[in-house]
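Visitor: One structure is given below, represented as structure tokens, and several questions about it will come after.
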Amino acid sequence: MRVLLWAVLPYVSVVLLVGGTVWRWRYDRFGWTTRSSELYEKRLLRIASPLFHYGLIFVILGHVAGLVVPEGWMSALGVRESVYHAVSLYAGSLAGAAAVAGLAMLVYRRRTRGPVFSATTRNDKLMYVLLGASLLLGLAVTVVENGILGGYDYRTTVGPWFRGLFALRPDITLMEGIPLLYAFHTVIGMVLTALFPFTRLIHAFAAPWRYPFRPYLVYRSRTSGPRTRAERRGWEPIR
Amino acid sequence: MRVMAQLAMVMNLDKCIGCHTCSVTCKQAWTNRSGTEYVWFNNVETRPGQGYPRRYEDQDRWRGGWELDRRGRLRPRSGGRARRLLTIFSNPLMPSIGDYYEPWTYDYASLTTAPLGDDFPVARPHSLVSGERMKVEWSANWDDDLGGGPALAAADPVVEKIAQDVRLDYERVFMFYLPRICEHCLNPSCMAACPSGAIYKREEDGIVLVDQDRCRGWRMCVTGCPYKKVYFNHRTGKAEKCTFCYPRVEVGLPTVCSETCVGRLRYLGVLLYDADRVAEAAETEDDTALYEAQLGVFLDPEDPDVRAAARRDGVPDAWVRAARDSPVHALVNRFRVALPLHPEYRTMPMVWYIPPLSPVVDALRGTGHDAEDAGNLFGAIETLRIPVSYLAELFSAGDPEPVTRVLRRLAALRSYMRDRNLGDPADPAKAEAVGMTGRDMDDLYRLLALARYEERYVIPTQAEAEAAALEESVCPVGEDAGARPGPFGEASGRPERASVESFHALRDRQTGGALVHPADRKGRVNLLNWDGQGRPGGLFPHRPKKKKEGEE
């Protein structure tokens, strides 16, 4: 069971994430969109959407700082454990709370506004459950374990395990005895990662990072340009 | 100078009777799908009126188009790149469905399935967005023919701009129709606003299109376009817009809206322009000088230098020929009777309008004067400030001069031709009074009144352009060109140029001795000898050798 959770599931989820994204890119570029419902309803979205998205961006940055950057590097930079703990607790809680509040408003809007609700698919609902669960658990971890219960240094257990995954040396012993909330949060996070490319979340991978660097006007030839799918065998154009 | 060709349109507003045939046929061709119920790539507005979507011309609210920043450089009015990315998570500057209208249908089944009774059954409207019953309160042409009266028309942003004293009683004075499609601008602000780079302008004909596979539904183009002619498909989550019926014009057919226009008021043709000067012209500081600046971007296809440059820049000869015959070129550049819609948006729009003289004629006739007399008409154009200032807000950023000049030309033409039709000698003074010659008058009359199908639509096909590119003379064999495979196998690397390939094919055929290359033989079958039974080897292209799993 432990092997399954801490050594198999991470790789399964990464394979699905990468494979699913490649599959989506090749076969469903048309479906790759934000699926915005702003046309139907704007007032709630105006507050909820930036709240959620900016909260989430800071949450992700926090995960990078906490999981990817080893504790040693941080102290080498002069960031003491107590400082890191305080920052992660307060900034993390704030970002998490913003994301949760934003998501709650978005889900409320989705349920109560007729047109928005009728544009919601089952896929969306499953995704909202997983996303909500992982955000709530993450917030609980930060507030309960790190705040009320006084602090749990995940940078000696979860962090090294996470980095070990990328070195292809998953050390499952590190994950023994981690608080239950952490375990749940991690597992749901991995499930969400696995489903990521198959849900509307995929629009995050379309983040327009090239926009600031391109000229305002785009010219393109009628005949060139990206093809949507490989030519069928025997139907290749004559070259 | 970088010569580019643009397919452009001119609409003669005097001829528009507001029948909406263009809108309906366009909708049947392009937007009769789920998700685009509310979308009209072509719509016809009654002016004065709010337009579709409601009050779209109020750029203080919607912030479409371009503005000049402090250093005098162009910037989308809704904000530059950084601002756009930081505010990407919600876009309050985008009209919601209520600003267009909530699309609806009727439960027609209730008409046929209602039980027998004393009351007539009615089909009640229900929303195509939510599916709920709804009250129909607005549509794409709710204020058609000034329906709704002064209350609605007073909210026209153009009316609001006109000076207070001129505004009184305008709705009793005049009314005209304004058909609108995407402007296929030279400097499109929808394109500038698109974070994904999905909107592009075609190099061959200047048509602005949305790449549906690259659009990610950020909706910034809807904000960017000041004409609100990019729409969000709420089912697919992608932006869609007028395509200038590119599948039709590529083969030389006019757009659906032009083809079906009962008033025959649309003209299609090629304009040549200098792509290097577009930005400079759009940066012209004075709003009212933008019309002249845009005229300065166009190139004269009669000029030998332009023709040489066109050939150098890959504009096919057939397109340059079409530009010389282009009715759009004639109306825009030669007679200067067509004006751009809202040049002050700085997008350099390419659907132009001949402003209507009919409000002036009608007003004049209403007073009992001779509405064909040039002197009377000239006087009326000067006196009737309301139509002129309204038209000026639409077509020349508020400067009455260009509109007055066009109306005077139309009035002179009217009077000049009446003399001719009544058997009087043509009066060249009437032509000269508006800076034209008798010959110009005849040509303009022919173009506006008589022009046949092939004179109104001068559309070179893409096939002509491609055929030119295939000619050996255009595409000579390079010194070291050979049918070498690229570094990763046969199909890799750059595709061979057509003439290079035919050169090698010809040499192989002459020296090979076989009818077909022996390696190809097993991949062919003579269908004349095939009895329809079974699958002789070579009926289908042979399957390539097994590849690794996942590789294609």
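Visitor: Anything in the stretch A:160-181 that is in contact with a helix residue (DSSP H, G or I) (Cβ under 6 Å, 6 or more places away or on another chain) and assigned to a helix (DSSP H, G or I)? List them, or say none. Working first, answer last.
Guide: Looking only at the stretch A:160-181, we keep the residues that are in contact with a helix residue (DSSP H, G or I) (Cβ under 6 Å, 6 or more places away or on another chain), and these are A:160-162, A:165, A:170-172, A:174-175, A:179, A:181.
Once the filter is applied, which keeps residues that are in contact with a helix residue (DSSP H, G or I) (Cβ under 6 Å, 6 or more places away or on another chain) and assigned to a helix (DSSP H, G or I), the stretch A:160-181 yields A:Pro160, A:Trp161, A:Phe162, A:Leu165, A:Ile172, A:Leu174, A:Met175, A:Leu181.
Visitor: Of the numbered conditions (1) assigned to a helix (DSSP H, G or I); (2) surrounded by fewer than 15 Cβ atoms within 10 Å (Cβ to Cβ), A:Ala95 fails exactly one; give the number of that condition.
Guide: Result: A:Ala95 fails condition (2) only.
Visitor: Has the stretch B:253-270 got any residue that is within 11 Å of chain A (Cβ to nearest Cβ), under 21 Å from B:Thr25 (Cβ atoms) and not basic (Lys, Arg)?
Guide: no
Visitor: Just give me the residues in the stretch B:68-106 being of a type in the set (A, V, I, L, M, F, W, C) and without any contact (Cβ under 8 Å) to a residue 24 or more places away in the chain, in sequence order.
Guide: Within the stretch B:68-106, B:Ala82, B:Leu86, B:Phe89 meet the criteria.
Visitor: Still on this structure: In the stretch B:386-479, which helices (runs of 4 or more DSSP H) lie fully inside it and hold 2 or more residues that are modelled with pLDDT of 95 or more?
Guide: Output list reads B:400-421, B:438-445, B:453-456.
Visitor: So, one more: Could you check the stretch B:249-277 and list, in sequence order, the residues that are assigned to a loop (DSSP other than H, G, I, E, B), aliphatic (A, V, I, L, M) and surrounded by fewer than 22 Cβ atoms within 10 Å (Cβ to Cβ)?
Guide: Within the stretch B:249-277, B:Val251, B:Leu253, B:Val262 meet the criteria.
Visitor: Moving on. What tally of residues in the stretch B:301-327 results from selecting those that are assigned to a helix (DSSP H, G or I) and within 20 Å of B:Arg439 (Cβ to Cβ)?
Guide: Of the residues in the stretch B:301-327, 3 are assigned to a helix (DSSP H, G or I) and within 20 Å of B:Arg439 (Cβ to Cβ).
Visitor: For B:Glu37, which of the numbered conditions (1) in contact with a helix residue (DSSP H, G or I) (Cβ under 6 Å, 6 or more places away or on another chain); (2) assigned to a loop (DSSP other than H, G, I, E, B) fails to hold?
Guide: Among (1) in contact with a helix residue (DSSP H, G or I) (Cβ under 6 Å, 6 or more places away or on another chain); (2) assigned to a loop (DSSP other than H, G, I, E, B), B:Glu37 violates only (1).
Visitor: Another question, then. Could you check B:Val332 against (1) in a helix (DSSP H, G or I); (2) surrounded by fewer than 23 Cβ atoms within 10 Å (Cβ to Cβ) and say which number it fails?
Guide: Result: B:Val332 passes all but (2).
Visitor: Here's a follow-up. Please go through the stretch A:38-56 and pick out each residue that is charged (D, E, K, R), surrounded by 17 or more Cβ atoms within 10 Å (Cβ to Cβ) and touching a Pro at 6+ places or on another chain (Cβ under 8 Å).
Guide: Within the stretch A:38-56, the first condition is being charged (D, E, K, R), and the residues that meet it are A:38, A:41-43, A:46.
Checking which are surrounded by 17 or more Cβ atoms within 10 Å (Cβ to Cβ) leaves us with A:38, A:41-42.
A:Glu41, A:Lys42 - these are the residues of the stretch A:38-56 that are charged (D, E, K, R), surrounded by 17 or more Cβ atoms within 10 Å (Cβ to Cβ) and touching a Pro at 6+ places or on another chain (Cβ under 8 Å).
Visitor: Is it the case that some residue within the stretch A:57-73 is aliphatic (A, V, I, L, M), open to solvent by less than 60 Å² (accessible area, probe 1.4 Å) and either without any contact (Cβ under 8 Å) to a residue 60 or more places away in the chain or within 9 Å of chain B (Cβ to nearest Cβ) (or both)? Spell out how you get there, then give the answer.
Guide: Start the filter on the stretch A:57-73 by keeping residues that are aliphatic (A, V, I, L, M), which leaves A:57, A:59-61, A:64-65, A:67-69.
From the residues that got through so far, the ones that are open to solvent by less than 60 Å² (accessible area, probe 1.4 Å) too are A:59, A:65, A:67, A:69.
Checking the rest, the ones that are also either without any contact (Cβ under 8 Å) to a residue 60 or more places away in the chain or within 9 Å of chain B (Cβ to nearest Cβ) (or both) come to A:65, A:69.
Yes, the conditions are met somewhere in the stretch A:57-73.
Visitor: Do we find a residue being under 30 Å from B:Pro359 (Cα atoms), buried (at least 20 other Cβ atoms within 10 Å of the Cβ) and modelled with pLDDT of 95 or more anywhere in the stretch B:66-77? Walk me through how you get there before you give the answer.
Guide: Initial filter on the stretch B:66-77 (under 30 Å from B:Pro359 (Cα atoms)): none.
No, the conditions are met nowhere in the stretch B:66-77.
Visitor: Which condition does B:Glu183 not pass, out of (1) in contact (Cβ under 8 Å) with a residue 60 or more places away in the chain; (2) outside any strand (DSSP E or B); (3) within 14 Å of another protein chain (Cβ to nearest Cβ), if it passes all the others?
Guide: B:Glu183 satisfies all of (1) in contact (Cβ under 8 Å) with a residue 60 or more places away in the chain; (2) outside any strand (DSSP E or B); (3) within 14 Å of another protein chain (Cβ to nearest Cβ) except (3).
Visitor: Sticking with this structure for a sec: Got a sec? Which of A:Arg169, A:Arg122, A:Arg111 is of a type outside the set (Val, Ile, Thr), open to solvent by 20 Å² or more (accessible area, probe 1.4 Å) and touching a Phe, Trp or Tyr at 6+ places or on another chain (Cβ under 7 Å)?
Guide: When all the criteria are applied, what remains is A:Arg111.
Visitor: Sticking with this one: For the stretch A:18-37, enumerate the residues that are in a helix (DSSP H, G or I) and crowded, with 16+ Cβ neighbours inside 10 Å.
Guide: A:Gly20, A:Thr21, A:Arg24
Visitor: Further question on the same structure: Given the condition without any contact (Cβ under 8 Å) to a residue 24 or more places away in the chain, within 24 Å of B:Leu450 (Cα to Cα), open to solvent by 60 Å² or more (accessible area, probe 1.4 Å) and not hydroxyl-bearing (Ser, Thr, Tyr), answer yes or no: does some residue in the stretch B:287-296 qualify?
Guide: Taking the stretch B:287-296 as the starting set, the residues that turn out to be without any contact (Cβ under 8 Å) to a residue 24 or more places away in the chain are B:289, B:292-293, B:296.
This time we only want the ones that are within 24 Å of B:Leu450 (Cα to Cα), so: none.
For the stretch B:287-296, residues without any contact (Cβ under 8 Å) to a residue 24 or more places away in the chain, within 24 Å of B:Leu450 (Cα to Cα), open to solvent by 60 Å² or more (accessible area, probe 1.4 Å) and not hydroxyl-bearing (Ser, Thr, Tyr): absent.
Visitor: Here's another thing I want to ask about it. Restricting attention to the stretch B:158-172, does a residue exist that is within 22 Å of B:Arg61 (Cα to Cα), touching a helix residue (DSSP H, G or I) at 6+ places or on another chain (Cβ under 8 Å), open to solvent by less than 10 Å² (accessible area, probe 1.4 Å) and more than 10 Å from chain A (Cβ to nearest Cβ)?
Guide: yes
Visitor: Follow-up. So, of the residues in the stretch B:186-204 that are at the interface with chain A (Cβ under 7 Å from one of its Cβ atoms) and not in a loop (DSSP other than H, G, I, E, B), which turns out to be surrounded by the fewest Cβ atoms within 10 Å (Cβ to Cβ)?
Guide: Only one residue fits best here, namely B:Tyr200.
Visitor: Which one is nearest to B:Val136 (Cα to Cα) among residues in the stretch B:72-124 that are in a strand (DSSP E or B) and within 11 Å of chain A (Cβ to nearest Cβ)?
Guide: B:Pro76
Visitor: Exactly one condition in (1) within 21 Å of B:Pro195 (Cβ to Cβ); (2) under 16 Å from the mean Cα position of the chain (by Cα); (3) open to solvent by 70 Å² or more (accessible area, probe 1.4 Å) is not met by A:Val15; state its number.
Guide: Of the numbered conditions (1) within 21 Å of B:Pro195 (Cβ to Cβ); (2) under 16 Å from the mean Cα position of the chain (by Cα); (3) open to solvent by 70 Å² or more (accessible area, probe 1.4 Å), the odd one out for A:Val15 is (1).
Visitor: To continue, here is another question. Say we look at the stretch A:183-220 and pick out the residues that are under 16 Å from A:Val59 (Cβ atoms) and within 14 Å of chain B (Cβ to nearest Cβ); which of these is least open to solvent (accessible area, probe 1.4 Å)?
Guide: A:Leu201
Visitor: Hey, among B:Leu253, B:Leu290, which residue is of a type in the set (A, V, I, L, M) and closer than 20 Å to B:Val332 by Cα?
Guide: The match here is B:Leu290.
Visitor: How many residues are crowded, with 24+ Cβ neighbours inside 10 Å and within 8 Å of chain A (Cβ to nearest Cβ) when one looks only at the stretch B:227-236?
Guide: 2
Visitor: Is one or more of the residues making up the stretch B:134-147 within 14 Å of chain A (Cβ to nearest Cβ), loosely packed, with under 14 Cβ neighbours inside 10 Å, part of a loop (DSSP other than H, G, I, E, B) and touching a strand residue (DSSP E or B) at 6+ places or on another chain (Cβ under 8 Å)? Walk me through how you get there before you give the answer.
Guide: Initial filter on the stretch B:134-147 (within 14 Å of chain A (Cβ to nearest Cβ)): B:134.
With loosely packed, with under 14 Cβ neighbours inside 10 Å added as a condition, the list becomes none.
No, the stretch B:134-147 has no match at all.
Visitor: Further question on the same structure: For B:Gln59, state whether it is touching a residue at least 40 places away in the same chain (Cβ under 8 Å) and closer than 24 Å to B:Ser127 by Cβ.
Guide: Values: touching a residue at least 40 places away in the same chain (Cβ under 8 Å): yes; closer than 24 Å to B:Ser127 by Cβ: no.
It is false that B:Gln59 is touching a residue at least 40 places away in the same chain (Cβ under 8 Å) and closer than 24 Å to B:Ser127 by Cβ.
Visitor: Looking at A:Met105, A:Met1, can you tell me which residue is more than 18 Å from the chain's Cα centre (by Cα) and modelled with pLDDT of 95 or more?
Guide: Of A:Met105, A:Met1, the one residue that is more than 18 Å from the chain's Cα centre (by Cα) and modelled with pLDDT of 95 or more is A:Met105.
The values are calculated or read from the model by the stated rules, or taken from the named source; none is laboratory data. From a predicted model like this one, the values you see are computed outputs, not experimental measurements. Reconstructed Cβ throughout: ideal geometry from the backbone, glycine too, with neighbour counts over all protein chains shown. Side chains included, ligands, DNA and RNA excluded: accessible areas come from the protein's heavy atoms. Shrake-Rupley method; radii C 1.70, N 1.55, O 1.52, S 1.80 Å.
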